[in-house]
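The values are calculated or read from the model by the stated rules, or taken from the named source; none is laboratory data. Just so it is clear, the structure is predicted and the values come from calculations on it, not from any experiment. Positions of Cβ are backbone-derived with ideal geometry, glycine not excepted, and every protein chain shown enters the neighbour counts. For accessibility, only protein heavy atoms count, side chains too; no ligands or nucleic acids. Shrake-Rupley method; radii C 1.70, N 1.55, O 1.52, S 1.80 Å.
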Amino acid sequence: PRKFKIAVTGSPNDRAVTRAHDIGLRMIRNEAGEAGFEVIVGGGLGRTPMIGKVIREFLPRADLLPYLEAIVSVYNALGRRDNKYKARIKITVAENGLDEFRARVDTRFRHLRSHFRGADQAMLERIERAFAPPAFRSAPLGRYETVRETDPAFRSWTDANLAPHRAEGYAIVTVSLKAHGATPGDATSGQMRALADLAERFGHDELRISHEQNVILPHVHRSDLPEVHSILGEHGLATANVGLISDIIACPGMDYCALATARSIPIAQEIARRFDALKLEHGIGELKIKISGCINACGHHHVGHIGILGLDRAGVENYQVTLGGDGTETAAIGERAGPGFPAEEIVPAVERLVHAYLDLRSGRRETFLQTYRRLGIGPFKAALYPERVDANAA
Ligand code: SF4
């Protein structure tokens, strides 16, 4: 295979975009309560975006390695080699059909399974030891509650940047690398040292990088959060915007990438600055904007609620908008809205979309994506291209 990417999620909330990978694995339980995997195959973004299809609804854990080997083996036998853009499993599944692909995988799997002597238990134990849960502690939460009541900046940060933890008293902290107007996803050496210190002092030595280009401290006791927030603030890392309109994924685009057809980073910076100035982003709620600087789609624009793709039109940057994309368990490829916009018009176009959403939503709890799914692309197109509506009315 030319390149091959596998994504795994252990949560019903898919935070690993499993449906846009060559193979996606969702850990689930069957009716008997046994743990296993839903196996998804043939997803991918890039120039031919496709949502992966479920090839196996429940695969017992013990079958995982031979089953994955069977998938790769069938892809190796059937996959295209005449055109490098077609040398991806998503093309193989689409051209042969899921049923035919599945039948071949099943045949190959039966052969491989009969010869498989089980996963290397010593290696599995080493991995399990490396990911053993830390020694959780208990502590009073009085100060956390008090600071939440008295410090609006802290409350706003805890509302936006925390996720529930399975251990009592703990939280999962997402440190936003999306300060308004800064390069999305960038951290200085000083900020990285500060994050490493925080992980050591408050996070059981663990931090992770998310595909949304933020840093996660997976185990922080809530009693430590006021201090963590204060230290993050000293390093410019306390932005309270996770999942909001300024939490944008942008690829390097023309600022760094030799393949780019347009800039991504300055567009992301301008959108973040604009909505910060309007003081609207918390009122807008969850809205994912993703920007790519060429059709390779490294910025995942196809699965952005609002996707922006920078192209080159006769030497001039032009930005195409897609709407309704989704990278979660309800994954969808965004629909192209219409003609692109020059660089100076793309941020006003996004603003029109957002104001349309605020007018159209059924209430504050209905997200942009839910409104889009309820009403379809029509009213959003009308907001994006008001001159067309005027012309039709005339
Ligand atoms: S999407 Fe294009 S411009 Fe952006 S990083 Fe990928 S190859 Fe480069």
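Given the criterion assigned to a helix (DSSP H, G or I) and within 13 Å of the ligand (Cβ to nearest atom), identify the matching residue among 302, 282.
On the way: 282 fails: within 13 Å of the ligand (Cβ to nearest atom).
Among 302, 282, only 302 is assigned to a helix (DSSP H, G or I) and within 13 Å of the ligand (Cβ to nearest atom).
State all residues of segment 249-273 that are surrounded by fewer than 22 Cβ atoms within 10 Å (Cβ to Cβ) and touching a strand residue (DSSP E or B) at 6+ places or on another chain (Cβ under 6 Å); if no residue qualifies, say none.
261, the sole residue that qualifies.
Going by what's in this entry, would residue 105 be described as closer than 30 Å to residue 300 by Cβ, in contact with a strand residue (DSSP E or B) (Cβ under 8 Å, 6 or more places away or on another chain) and not assigned by TED's automatic domain parsing to the domain that holds residue 336?
Values: closer than 30 Å to residue 300 by Cβ: yes; in contact with a strand residue (DSSP E or B) (Cβ under 8 Å, 6 or more places away or on another chain): yes; not assigned by TED's automatic domain parsing to the domain that holds residue 336: yes.
Yes: the conditions hold for residue 105.
Is it true that residue 385 is in the same structural domain as residue 303 (by TED's automatic domain parsing) and either open to solvent by 40 Å² or more (accessible area, probe 1.4 Å) or closer than 19 Å to residue 243 by Cα (or both)? Quick ask: steps written out before the conclusion?
Working: in the same structural domain as residue 303 (by TED's automatic domain parsing): yes; either open to solvent by 40 Å² or more (accessible area, probe 1.4 Å) or closer than 19 Å to residue 243 by Cα (or both): no.
Taking the combined requirement at face value, the residue does not satisfy it.
Would you tally the residues in segment 55-87 being assigned to a loop (DSSP other than H, G, I, E, B) and at pLDDT 95 or above?
0
Within segment 312-345, track down each residue that is open to solvent by 10 Å² or more (accessible area, probe 1.4 Å), under 18 Å from residue 370 (Cβ atoms) and aliphatic (A, V, I, L, M).
Correct list: 331, 332, 333.
Can you pull out the residues in segment 264-279 that are in a loop (DSSP other than H, G, I, E, B) and either within 16 Å of the ligand (Cβ to nearest atom) or under 22 Å from residue 328 (Cα atoms) (or both)?
Listed by number, the list holds a single entry, 264.
Could you grab me the full set of residues in segment 305-328 that are closer than 19 Å to residue 285 by Cα and assigned to a loop (DSSP other than H, G, I, E, B)?
Passing the criteria: 305, 324, 325, 327, 328.
Tally up the residues in segment 126-152 that are charged (D, E, K, R) and farther than 22 Å from residue 218 by Cα, please. Before you say what the answer is, go through the steps one by one.
Restricting attention to segment 126-152, the residues satisfying the condition of being charged (D, E, K, R) are 126, 128-129, 137, 143, 145, 148-149, 151.
So of that shortlist, the ones also farther than 22 Å from residue 218 by Cα come out as 149, 151.
Count: 2.
Taking only segment 24-76 into account, find how many residues are basic (Lys, Arg) and over 17 Å from residue 89 (Cβ atoms). Break it down stepwise before answering.
To start, the set of residues in segment 24-76 that are basic (Lys, Arg) comprises 26, 29, 47, 53, 56, 61.
The next check asks that each one be over 17 Å from residue 89 (Cβ atoms); those that pass are 26, 29, 61.
Going through segment 24-76 one residue at a time, the tally reaches 3.
Can you pull out the residues in segment 204-263 that are of a type in the set (Ser, Thr, Tyr), assigned to a loop (DSSP other than H, G, I, E, B) and more than 16 Å from the ligand (Cβ to nearest atom)? Show your work before the answer.
Our first condition is that a residue be of a type in the set (Ser, Thr, Tyr); within segment 204-263, this holds for 210, 223, 230, 239, 246, 256, 261.
Now restrict to residues that are assigned to a loop (DSSP other than H, G, I, E, B): 210, 239, 246, 256, 261.
Across segment 204-263, the qualifying residues are 210, 239, 246.
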